[in-house]
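Read the structure below first, then the notes.
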Amino acid sequence: MPCIHAVAAIRKKQLNVKDFVHKWLCMESFHVTYKHSINPVPSEEYWSNTLYLKTDPPLIKRPIGRPK
């Protein structure tokens, strides 16, 4: 998205601001991206068991000293 200074310069040259916005930032692209819905996963009691190992969350190493 162009900043307000760029918009002012674009308008001074009598150009269309929409020509300077990437197509990914338009509402049409937003709607295409989010048109599919993801169904919620039922409670863990309804999950099926598999032969794969259960994954663990990554270990978090906290640095020594006061957090920033």
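State which residue is modelled with the lowest pLDDT when the search covers only segment 26-68 and only residues that are more than 30 Å from Pro2 (Cα to Cα) and among the acidic types (Asp, Glu). The residue in question is Glu44. Summed over segment 11-68, the residues that are under 18 Å from the mean Cα position of the chain (by Cα), among the polar types (S, T, N, Q) and not in a helix (DSSP H, G or I) give a count of 1. When the residues of segment 1-10 are filtered to those that are under 26 Å from the mean Cα position of the chain (by Cα) and open to solvent by less than 100 Å² (accessible area, probe 1.4 Å), which remaining residue is modelled with the lowest pLDDT? This residue is Pro2.
The values are calculated or read from the model by the stated rules, or taken from the named source; none is laboratory data. Every value quoted in this text rests on a predicted model; they were computed, and no experiment measured them. Just so you know, the surface numbers come from the protein's heavy atoms only, side chains and all, with ligands and any DNA or RNA stripped out. Shrake-Rupley method; radii C 1.70, N 1.55, O 1.52, S 1.80 Å.
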